[in-house]
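Below: one structure, written as structure tokens.
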Amino acid sequence: MDYFLTDEQKMIVELARKVAQEKIKPVRQEFDESGEFPWEIVKELSQADLMGLYIPQEYGGFGGGVMELCIAVEELCKVDGGISLSLAATALGTFPIIIFGTDEQKKKYLPKIAKGEALAAFGLTEPEAGSDAGATKTTAKKDGDFYILNGTKCFITNGGVADIYTVIAMTDKSKGSRGASAFIVEKGTPGFSFGKKENKMGIRASATCELIFQDCKIPKTNLLGREGAGFIVAMKTLDQSRPGVAAQALGIAAGALDEAVEYAKTRKQFDHPISSFQAIQHILANMATDVEAARALIYSVARAIDKGDKDVSGASAMCKLFASDVAMRVTTDAVQVFGGYGYMKEYPVEKMMRDAKITQIYEGTNQIQRNVIALDLIKKSAKKK
Ligand code: COS
């Protein structure tokens with residue numbers, strides 16, 4: 001289908017495809033096995049000017065939006081769903097600064113991120129505050145011109161490798177989620193260290209680790225938005241970033257579909273390529289329909305966000321819910337089309353299936369996405385009356 005991308009967007013797709021095919025594909029298996037962080041690919045993404053796609057031009061970025069981010073992530077994830085997270089997770093950590101940062105904060109942090117000189121990460125999740133983001137335990141106590149942070153964040157993508165962290169902490173526990181605030185914390189700040197690096201099922205080339213704050217003193221100028229607005233900062237950030245996770249899922253699914261079609265054309269059984277059997281054709285047809293439907297939804301929501309639609313919580317959650325379920329179905333079917341070979345590490349589809357799973361979990365489980373969609377639906381129906 002032709003989604004009528006602009007010439008600039010077509011160029012982004014081409015650039016991302018080139019990096020994916022020439023730089024990522026040859027090393028994807030190696031990084032999956034080692035679980036090392038792919039610094040050499042971050043360099044390639046920076047040199048291709050892909051790290052600043054969604055950052056405004058006045059702060060050194062390309063000046064695109066969620067759509068530009070999504071098409072790049074999709075293209076990269078067709079080849080590898082983990083390596084390109086250096087870009088997508090940086091976007092998640094950067095959106096709070098773009099949406100809520102002051103001009104000074106933007107000038108200080110965005111140009112470095114746009115050039116690929118600094119990665120970012122988003123610190124919301126805690127051992128006891130996953131789906132229940134409002135149950136944050138990390139505290140930020142005001143002390144003159146500073147805040148003192150204490151607590152632990154877990155499962156933080158780009159944890160340890162990022163230089164800039166946007167972190168949610170409680171400034172007033174008595175107010176519940178209205179007592180949360182958002183802060184920018186720089187790597188190297190005394191009292192800020194990293195804990196366990198996670199050994200994951202998939203997206204193994206992305207860095208995931210704990211953030212530990214022990215009397216970590218940060219200037220009050222690092223507060224994002226106003227005190228008490230941290231929960232809203234987190235929710236608005238997720239509204240904007242969930243289409244990016246959906247694009248990751250879409251890329252993984254589209255990559256698996258391509259692999260399955262190629263394999264079905266070459267694999268012979270009963271003297272015929274298995275692509276000639278209707279049983280296989282129907283699997284491929286379902287996979288292709290799923291992929292196209294996910295793409296259509298993601299592109300339309302990304303375009304709506306970029307055009308300034310602020311009422312996107314439900315639609316953004318739909319993107320992630322639908323595309324991640326598609327990724328799981330399509331990659332599982334790709335393994336099925338490959339048969340026994342699909343289960344083996346010599347072929348890429350088993351990794352795609354492992355990489356797909358996380359998209360149903362992070363940035364809110366799909367159960368949480370359904371809650372968000374349903375609440376939005378009910379709220380809007382009440383307004384109509
Ligand atoms: N935009 C603006 N405001 C929002 C909002 C959004 N997207 N979502 C919620 N709010 C507001 C609500 O309107 C409410 O405001 P009032 O107090 O003025 O009524 C406030 O925030 C609290 O909302 P709610 O009562 O719905 O909060 P809950 O504690 O019930 O939590 C969910 C809501 C479950 C949606 C939230 O905790 C969530 O998104 N959890 C998943 C978090 C997540 O994605 N974690 C993954 C880690 S990040 S990789």
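The values are calculated or read from the model by the stated rules, or taken from the named source; none is laboratory data. Since we're looking at a predicted model, the values are computed, not measured. Please note: Cβ atoms are built from the backbone with ideal geometry, for glycine as well, and neighbour counts cover all protein chains shown. Just the protein is used for accessible areas: all its heavy atoms, side chains included, with ligands, DNA and RNA removed. Shrake-Rupley method; radii C 1.70, N 1.55, O 1.52, S 1.80 Å.
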Original post:
Does segment 1-150 come out rounded, prolate or oblate, given a ≥ b ≥ c as the square roots of the eigenvalues of its C-alpha gyration tensor, rounded meaning a/c under 1.5 and, failing that, prolate meaning a/b above b/c?
Top reply: prolate
Original post:
How high is the relative contact order of segment 235-384, in percent, counting Cα pairs under 8 Å that sit 6 or more residues apart?
Top reply: 33 percent
Original post:
Please state the relative contact order of the chain as a whole percent: Cα pairs under 8 Å, 6+ residues apart?
Top reply: 16 percent
**OP:** Rounded, prolate or oblate: pick one for segment 70-134, where a ≥ b ≥ c are the square roots of the eigenvalues of its C-alpha gyration tensor, a/c under 1.5 means rounded, and failing that, prolate if a/b is larger than b/c, else oblate.
**Re:** oblate
Original post:
What list of ³J(HN,Hα) couplings, whole Hz, do you get for segment 20-25 from phi and the Karplus terms 6.51, -1.76, 1.60, once you set θ to phi - 60° and write x for glycine and proline?
Top reply: 4, 6, 7, 9, 8, 3
Original post:
Hey, what angle do you get for helix 103-115 against the long axis of the chain, alpha-carbon based, 0 to 90 degrees rounded to 10?
Top reply: 30 degrees
Subject >> Cβ crowding within 10 Å averaged over residues, with 347-353, 308-314 ranked highest first >> reply: 347-353, 308-314
Original post:
Taking every eigenvalue of the Cα gyration tensor of segment 185-227, multiplying by 5 and rooting it, what semi-axes result, largest first, whole Å?
Top reply: 27, 13, 8
**OP:** Using 0.36 nm per residue of separation minus the Cα-Cα distance, give me the extension gain between ASP143 and GLU262 in nm, one decimal.
**Re:** 36.7 nm
Original post:
In the structure shown, do any of LYS108/LYS383; LYS141/LYS236; LYS112/LYS310 have a Cα-Cα gap over 31 Å, and if so which?
Top reply: LYS108/LYS383
Original post:
When Lys and Arg each count +1 and Asp and Glu each count -1, what net charge do the other residues less than 11 Å away from MET67, Cβ to Cβ, add up to?
Top reply: -2
Subject >> Packing rank of 74-83, 334-343, where each peptide gets the mean count of other beta carbons within 10 Å, highest leading >> reply: 74-83, 334-343
Subject >> Stokes-Einstein D (µm²/s) once Rh is taken as the Kirkwood radius of the chain over alpha-carbon pairs, at 4 °C in 1.567 mPa s >> reply: 61 µm²/s
Original post:
For the pair LYS307 and PHE270, what calculated FRET efficiency results from E = 1/(1 + (r/R0)^6), where r is the Cβ-Cβ distance and R0 = 45 Å, to the nearest 0.05?
Top reply: 0.30
**OP:** Take peptides 289-298, 368-377 and line them up by average Cβ neighbours within 10 Å, highest first, as a rough protection proxy.
**Re:** 289-298, 368-377
Original post:
By its C-alpha gyration tensor, with a ≥ b ≥ c as the square roots of the eigenvalues, how is segment 152-280 shaped: rounded for a/c under 1.5, else prolate for a/b larger than b/c, else oblate?
Top reply: prolate
Subject >> Amide H within-cut-off set for TYR147, under 5 Å, with H built and near neighbours excluded >> reply: ILE218, LYS220
Original post:
Using a 1.4 Å probe, what is the accessible area per residue for the chain, in Å²?
Top reply: 45 Å²
Original post:
What are the semi-axes of the equivalent ellipsoid for segment 238-277, taken as the square roots of 5 times the Cα gyration tensor eigenvalues, largest first, in whole Å?
Top reply: 35, 6, 4
Original post:
Hey, if you put +1 on the Cβ of every Lys and Arg and -1 on every Asp and Glu Cβ in the chain, which of THR221, ALA121, ILE298 ends up farthest toward the positive end of that dipole?
Top reply: THR221
Original post:
In square nanometres, what is one fourth of the surface area of the convex hull spanned by the alpha carbons of segment 231-334?
Top reply: 6.7 nm²
Original post:
Of the beta bridges DSSP finds with both residues in the chain, what % are antiparallel, to the nearest 5?
Top reply: 85 percent
**OP:** Please give the calculated 222 nm ellipticity per residue for the chain, where each DSSP H segment of at least 4 residues contributes -39500 (n - 2.57) and the sum is spread over every residue; nearest 500 deg cm²/dmol?
**Re:** -16500 deg cm²/dmol
**OP:** Determine which aspartates and glutamates satisfy two conditions relative to LYS265: a Cα distance under 17 Å, and not lying fewer than 8 residues away in the same chain.
**Re:** ASP333
Subject >> Environment charge of GLY251, counting only residues whose C-beta is closer than 12 Å and scoring Lys/Arg +1, Asp/Glu -1 >> reply: -2
Original post:
Dipole magnitude of segment 235-384 about its Cα centre, charges +1 at Lys/Arg Cβ and -1 at Asp/Glu Cβ only, in debye to the nearest 20?
Top reply: 600 debye
Original post:
How far is the Cα center of segment 283-329 from the Cα center of segment 51-88, in Å?
Top reply: 17 Å
**OP:** Would you list which lysines come within 21 Å of LYS23, measuring only between C-alpha atoms, while excluding same-chain residues fewer than 8 positions from it?
**Re:** LYS10, LYS43, LYS78, LYS115, LYS345, LYS351
Original post:
Given the C-alpha centroids of segment 336-358 and segment 142-208, what is the distance between them in whole angstrom?
Top reply: 34 Å
Subject >> Sum of side-chain charges, SER276 neighbourhood, beta-carbon under 13 Å (Lys, Arg +1; Asp, Glu -1) >> reply: +2
